[in-house]
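Please read the structure below before turning to the comments.
The values are calculated or read from the model by the stated rules, or taken from the named source; none is laboratory data. These numbers were taken from a predicted model, which means no experiment stands behind them. Every residue, glycine among them, receives a Cβ derived from its backbone with ideal geometry; neighbour counts consider all protein chains shown. Just the protein is used for accessible areas: all its heavy atoms, side chains included, with ligands, DNA and RNA removed. Shrake-Rupley method; radii C 1.70, N 1.55, O 1.52, S 1.80 Å.
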Amino acid sequence: MTTAEVGRARLRKEDAHLITGRSRYTDNITLPGMLHLAMVRSPFAHAKITSVDVAAAKSSPGVVAVLTGADVAAEQGSLPNAWPITPDQKAPAHPAIAVDEVAFAGEVVACIIARSAAAARDAVELVDVDYEGLPVVLDLEEAAKDQVLAHPGLGTNKSATWVFDSGEAGTGKPIREALDGAEVLIERTFYQQRLIPSFMEPRSTVVDPTGEQITVWSATQIPHILRLMLALTLAIPESKVRVIAPDVGGGFGGKLQVTPEEAITVLAARHTGKPCKYTETRSESLMAAHHGRAQVQRLKLSATKEGIVTGLDVSLLADMGAYLGLVTSGIPILGAFMYNSIYKFPAYRFECTNLFTNKAWTDAYRGAGRPEATFAIERMMDELAAELGLDPLQVRERNWIKHEEFPFTTVAGLEYDSGNYEAATAKALELFGYDALRAEQSRRRETKDPVQLGIGISTFTEMCGLAPSRVLGALNYGAGGWEHAQVRVLPTGNIEVVTGSSSHGQGHETAWSQLVADKLGVPFENVEVLHGDTQISQRGLDTYGSRSLTVGGMAVLAAADKVIEKAKVVAAHLMEASEDDIEFADGRFSVKGTDQSTALGEIALATFSAHNLPDGFEPNLDSDATFDPQNFSFPHGTHLAAIEVDTETGRVSIRKYVCVDDVGVVVNPLIVEGQVHGGLAQGIAQALYEEAVYDDAGTLVTGSFVDYLVPGAPDLPHYTTARTETPSTTNQLGAKGVGEAGTIASTPAIVNGVLDAVRHLGVKDIRMPCSPSRVWAALEEAKMTGGVR
Amino acid sequence: MIPSAFDYAAPNTVAEALSLLALAGDSGKLLAGGQSLIPVMKLRLADPQMVIDLGRVEGLAGVREDGDALLIGAMTPHHQVATDPLVAAYVPLLAKAAATVADPQVRHRGTFGGALVHADPAGDLPAPVLAAEATFILAGPGGERRVAAADFFQGYFTTAIAEDEILTHVRVPKYTGWGAHYEKFTRVAQQWSIVAVAAMVRVEGGTIAEARIGLTNMASTPVRATAVEQALAGAPLTRDAIAAASSHAAEGTDPASDLNGDAAYRRHLAEVLTRRAVVTAAGL
Ligand SMILES: Cc1cc2nc3c(=O)[nH]c(=O)nc-3n(C[C@H](O)[C@H](O)[C@H](O)COP(=O)(O)OP(=O)(O)OC[C@H]3O[C@@H](n4cnc5c(N)ncnc54)[C@H](O)[C@@H]3O)c2cc1C
């Protein structure tokens, strides 16, 4: 394969239509006779529904129908959870429209169907719901006590407890030995605050029930999974459902869901026989689309006096919110394999208890389990360094897997195929100016400068490319992790690539075109990428978990390989040579040792006309491939942050941010850069800005972007980004995945930096987000307790 | 995000606007830049039956001199206040404060008068207007009346303006020989003030002759930090003297507690920010 395209920083071909307003988002779709939906949502976090009076709403001008939970109880089924992590996992039924109880504020209790969006909205106020309040449980540690139940019918708030023990699994020693024999034992509790994915395009669904098929357009990351799940949930033959994800404006895991609103829009279309549209408001999105993170992490780390880690014991409480979504229960488990990160300690235990609360449901959010794990271990490495008075980098070096030790089987049982932590770190240090910043830090400490400097380090790895189907099977996940692609050669030699992994902002159309252009030796412009419609792309498992390139991209390459094999047969036939003598390079098939050659396009035309094909050869070059990865891929990197803390106000500013990421072979550096920048922004947002806050009654206080602080460009620093390139050995390209790296790595880098700036003043920890008021309060508390060391 | 249905009128004169307002009674609402009113209507926290748009009313936008004062029209957009040469010359405090409001879009739509009548305790214009000892000119059915800034802001989102009145202009005395600064503290760039301090200082030789300090978001209305002003008057122009005076900044305030910080934090911020604002205003 030539590499004129792979590695080239091409501008994205999809951008022209996206940035000139020629996009087609779901809400842009208007069908003849289309009706509009508005949802009536519970203002209470936990209540019995004693009656729903829709009479006034029904007679409001423009209203066609009103659906209540009772109206659709028999047909709405229960929204799916595809990941029962234990055989005894408990979960409440999850009706799209609540029938007799609501378990979080924002849950749908009725749906207005009207001739205009305004008429639907007007009637929302006219629905009279009687609620009988029930006690609410909001705090995770309270929920664990089972005194107040989020779902009284379940008898407990505990959904499931999942354990990994390296002693039992045979991947390491028992944790007890490590903890008992510890020369140094660090115990900490960290709080992963609740976050809201905050995708730019709110969720929207249009359903057209006319004809034989139900066509569903939805702002979703997962058209294929949605099709299957809607069919199963609403008892519609799968073959009658077509799902289209048109332009989708971001997801970050937030659109990796089968939502009540999608199911309700199908039900509404079914009831009225008319096309129906639902588009949520931003307020609804913040309150009712699934949230992320929300864990309490209790950690014990044992080490020698030299800073060699001997064991890690992790005990988690994970907030499911009120219901289990598609993969809610598995999110903490995705982190279970990552707490050991790049380090090679011998003993590890992980235990997670999934708990229900009366808050919005949680599920995947960029990084899904891995940011939590990385945060915990990277914070603990800094705590260990502080305890021993060592440089935090030194402690990491003493524990990490050396580049000559790969492939390396970790204490969590994964096989890391490749990596070079030394190289990435060396490069980062050079770009950062580590020693000069450390010198400045001491100066500022000595002069008691009101602005203190801290250096935050995060040497991370993550598992990408979800996922080997067998591994998912072993974890009891409901589906596989393969991806499908088709490469079609048109008579003109133009190429159509059909991918099951559909883009919602990532740039697949560009990257896949680059891959195929090199593979088949055709111009980039001649490749068209088709995706996001289950009628065009019949098979697929969609986009999440940094899987697109390492799984979907490999399926594309495998399908293109098959095209070459097929074309070779025709080439040999046409040039009257043996297949073994045919060589393919730069889009041409040639006969070894001769100057005879023919282009792929010519073979495509010859195949199409079919006048002269080998006996039994089907007249097309089109090929399908399904790729199931044999292993995950393991991007890694070293992130360094220089953090200034204004001790007078508590304000944190990021003075410098350097990241060196190793994502393996890069197809398009511009796209990689974009993913890194966006990822960093979201990770920094968790460290400093964002938190979903509820009041004591269970009402979301951060119900708009006035209070839920998503940072904008002015709030974020200039990033110095660089890469090392250690190819993955588990796929033909050597790629690893980059969609979540920045988010995973940056949060601990920032928080470690904040603490490094103020630790000498006696501050031991600050809960995220490290807002000015929290940092100031921590400084005040340290002053009061005379914590200055 | 769809408001309730409403009627809309776009009068050309203050008199027309006043009679429309009288007709609508308490179901009428004046629309200036819409940057506060439209969001609350879309969230259905307000549902006026009649929206009276002041956008076409003549003579309400712009800045002009009026003897020893400037007359700033209620419909002058924030952007214009921030960049107007007369404001820069005579009350730079207002220009500096207006420049911190939101983003360029909001500053081009949102108006000086709208922000003052809206009287958000976290809004950035009330405290500077209070510190500058401006006068509000109100048109009503019975003619014009004038209200001093100190009497205008009455409580949380509440002012001295009556339901049948329109704010037409704000009269701000000219300040010559004063330094000014608006020190705004937020968590993200585009945010209402957590706390902000509006400071004007007149320096004579090596001493501070006079100071006017207004505090944003330290109570349900903007407040004057009179104890700081008194301590500064006649104080030497040194950082220590300013710091000592600023330690009185929270006296007499009653800040709220919210997600951005509790009352104790706000009191502390008021002191730090007052010191910084005065230091900058005094050109130290
Ligand atoms: C995203 C965003 C961010 C913002 N950030 C900030 C910020 O950082 N700092 C800040 O100070 N403000 C901020 N604002 C508010 C902004 O300053 C508004 O422009 C201002 O609060 C209202 O001005 P307006 O002209 O838009 O008034 P409108 O919204 O049109 O009206 C506001 C109220 O005043 C009344 N009113 C308006 N004009 C008159 C008049 N002449 N006479 C009598 N009554 C009148 C209206 O009836 C209404 O009740 C922000 C707004 C937005 C949308």
Once phi for every residue in the stretch A:367-383 is put through the Karplus expression 6.51 cos²θ - 1.76 cosθ + 1.60 (θ = phi - 60°), the whole-Hz ³J(HN,Hα) values, with Gly and Pro written as x, are x, 6, x, 6, x, 4, 5, 5, 4, 4, 6, 6, 5, 5, 5, 5, 5
Considering the dipole of the protein assembly as shown built from charges on the beta carbon (Lys and Arg +1, Asp and Glu -1) around the Cα centre, which of B:Trp178, B:Ala15, B:Gly73 is farthest to its positive end?
B:Trp178
Projecting each Cα onto the charge dipole of the stretch A:482-627 (Lys/Arg +1, Asp/Glu -1 at the beta carbon, about the Cα centre), which of A:Asn620, A:Gly553, A:Pro523 comes out farthest on the positive side?
A:Gly553
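What is the percent carbon and sulfur in the accessible area of the stretch A:482-627, measuring with a 1.4 Å probe over the protein chains and ignoring ligands?
Answer for the stretch A:482-627: carbon and sulfur cover 47 percent of the accessible area.
Ignoring ligands, DNA and RNA, what accessible area per residue does the stretch B:178-281 give at 1.4 Å, in Å²?
Values: 3690 Å² over 104 residues.
Here the residues of the stretch B:178-281 average 36 Å² of exposed surface.
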With +1 at each Lys and Arg Cβ and -1 at each Asp and Glu Cβ, the charge dipole magnitude of the protein assembly as shown around its Cα centre, to the nearest 20 debye, comes out at 1340
With DNA, RNA and ligands ignored, accessible area of A:Ser59 (1.4 Å probe; Å², nearest 10)
90
Could you name the aspartates and glutamates whose alpha carbon sits less than 18 Å from that of B:Lys29, not counting residues in the same chain fewer than 8 places away?
B:Asp7, B:Glu16, B:Asp47, B:Asp53, B:Asp120, B:Glu163, B:Asp164, B:Glu165
Dipole moment magnitude, nearest 20 debye, the stretch B:1-112 about Cα centre, only Lys, Arg, Asp, Glu C-beta charged
400
Taking a quarter of the surface of the convex hull around the Cα atoms of the stretch A:555-675, what do you get in nm²?
12.8
Considering Cα pairs under 8 angstrom that are at least six residues apart, work out the relative contact order of the stretch A:242-312 and quote it in whole percent.
18
Value of [θ]222 nm, deg cm²/dmol, for the protein assembly as shown, DSSP H segments ≥ 4, -39500 (n - 2.57) each, nearest 500
-8500 deg cm²/dmol
DSSP loop trypsin sites (Lys or Arg not before Pro) in the stretch A:105-175 with at most 15 other Cβ atoms within 10 Å of their Cβ, which ones?
none
Per 10 angstrom bin, beginning at 0 and ending with the bin that holds the maximum distance, the Cα pairs of the stretch B:7-54 fall in percents of 29, 55, 16, 0
The relative contact order of the stretch A:1-156, taking Cα pairs under 8 Å that sit 6 or more residues apart, comes to a percentage of 33
Under Karplus coefficients 6.51, -1.76 and 1.60, residue-wise ³J(HN,Hα) of the stretch A:348-362 in Hz, glycine/proline x:
8, 9, 10, 9, 10, 10, 8, 10, 8, 9, 8, 10, 3, 4, 10
How many percent of the alpha carbon pairs in the protein assembly as shown exceed a separation of 54 Å?
25
Suppose R0 equals 35 Å. What FRET efficiency, 1/(1 + (r/R0)^6) with r the Cβ-Cβ distance, do A:Leu31 and A:Glu496 give to the nearest 0.05?
0.80
Per residue, how much accessible area does the stretch B:7-54 show when a 1.4 Å probe rolls over the protein heavy atoms, in square angstrom?
49
Carbon plus sulfur fraction of accessible area for the stretch B:63-173, probe 1.4 Å, in percent:
51
For the stretch A:313-329 and the stretch B:193-227, what is the centre-to-centre distance using only Cα atoms, to the nearest Å?
50
With a 1.4 Å probe, how much accessible area is buried between chains B and A, both sides summed, in Å² to the nearest hundred?
2100
What is the set of long-range amide H partners of B:Gln191 at a cut-off below 5 Å, with H atoms built 1.01 Å from backbone N?
B:Ala102
Kirkwood hydrodynamic radius, computed over distinct alpha-carbon pairs, for the stretch A:186-280: how many Å, to one decimal?
14.3
Compute the FRET efficiency between B:Ala150 and A:Asp765 as 1/(1 + (r/R0)^6), taking r as their Cβ-Cβ distance and R0 = 45 Å, and round to the nearest 0.05.
0.50
Do any residues of the stretch B:172-191 lose at least 10 Å² of accessible area when the full set of protein chains is present rather than just their chain alone, and if so which, with a 1.4 Å probe?
B:Phe185, B:Thr186, B:Arg187, B:Val188, B:Ala189, B:Gln190, B:Gln191
For A:Ala93 and B:Tyr8, extending 7 Å from Cα along the Cα-Cβ vector and measuring point to point gives, in nm, a value of 4.7
At R0 = 41 Å, FRET efficiency that the Cβ-Cβ distance of A:Ala697 and B:Ala162 yields, to 0.05:
0.65
Simple spin-label estimate for A:Ala70 and A:Arg282 in nanometres, 7 Å along Cα-Cβ:
3.8
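How large is the direction-averaged shadow of the alpha-carbon convex hull of the stretch B:63-173, in nm²?
Taking a quarter of the hull surface, the average projection is 6.3 nm².
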Taking θ as phi - 60°, what are the ³J(HN,Hα) couplings along the stretch A:574-581 by the Karplus curve (6.51, -1.76, 1.60), each to the nearest whole Hz, with x for Gly and Pro?
5, 8, 6, 10, 7, 4, 5, 8
Considering the convex hull of the alpha carbon atoms of the stretch B:178-281, report its projected area averaged over all viewing directions, in nm², one decimal.
5.9
Taking the Cβ of A:Arg24 as the center, what net charge do the other residues with Cβ under 13 Å away carry, scoring Lys and Arg +1 and Asp and Glu -1?
-4
Looking at the stretch A:659-700, which residues lose a minimum of 10 Å² of accessible area between their chain alone and all protein chains in place, measuring with a 1.4 Å probe and not counting ligands or nucleic acids?
A:Tyr689, A:Val693
Please tell me which of these pairs span more than 21 angstrom C-alpha to C-alpha: A:Lys48/A:Lys145; A:Lys48/A:Lys277; A:Lys13/A:Lys519; A:Lys359/B:Lys42; A:Lys568/A:Lys736; A:Lys427/A:Lys519?
A:Lys48/A:Lys145; A:Lys48/A:Lys277; A:Lys359/B:Lys42; A:Lys568/A:Lys736; A:Lys427/A:Lys519
Determine Rg/Rh for the stretch A:482-627; Rg is computed over alpha-carbon atoms and Rh is the Kirkwood hydrodynamic estimate from the same atoms.
1.01
Rounded to whole Å², per residue accessible area for chain A with a 1.4 Å probe reads 35
Loop-only trypsin sites (Lys or Arg not before Pro) in the stretch A:535-638, please: DSSP not H, G, I, E or B, and at most 11 other Cβ atoms within 10 Å.
A:Lys592
Along each of the three principal axes of the Cα atoms of the stretch A:657-696, give the extent in whole Å, ordering the values from largest to smallest.
49, 18, 14
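Provide the gained length on full extension for the span A:Ala169 to A:Asp595, in nm with one decimal, where the gain is 0.36 nm per separating residue minus the Cα-Cα distance.
Full extension of this stretch gives 147.4 nm more.
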Give the residue from A:Ser442, A:Leu429, A:Ile457 lying farthest towards the positive end of the charge dipole for the stretch A:422-498; charges sit on Cβ (+1 for Lys and Arg, -1 for Asp and Glu) and the dipole is referred to the Cα centre.
A:Ser442
Partner lysines whose C-alpha sits under 18 Å from that of B:Lys96, ignoring same-chain residues fewer than 8 away, are B:Lys174, B:Lys184
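Kindly give the semi-axes, whole Å and largest first, of the ellipsoid equivalent to the stretch A:102-161, taking each as the square root of 5 times a Cα gyration tensor eigenvalue.
34, 12, 9
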Charged-residue dipole, Cβ positions (Lys, Arg, Asp, Glu), the stretch A:482-627 about Cα centre, Debye nearest 20
300
Quick one: compute the contact order of chain B, relative version, from alpha carbon pairs under 8 angstrom and 6+ residues apart, as a percent.
15
Quickly work out the A:Ala4-to-A:Val706 label distance, labels modelled 7 Å from Cα along the C-beta direction, and quote it in nm with one decimal.
5.7
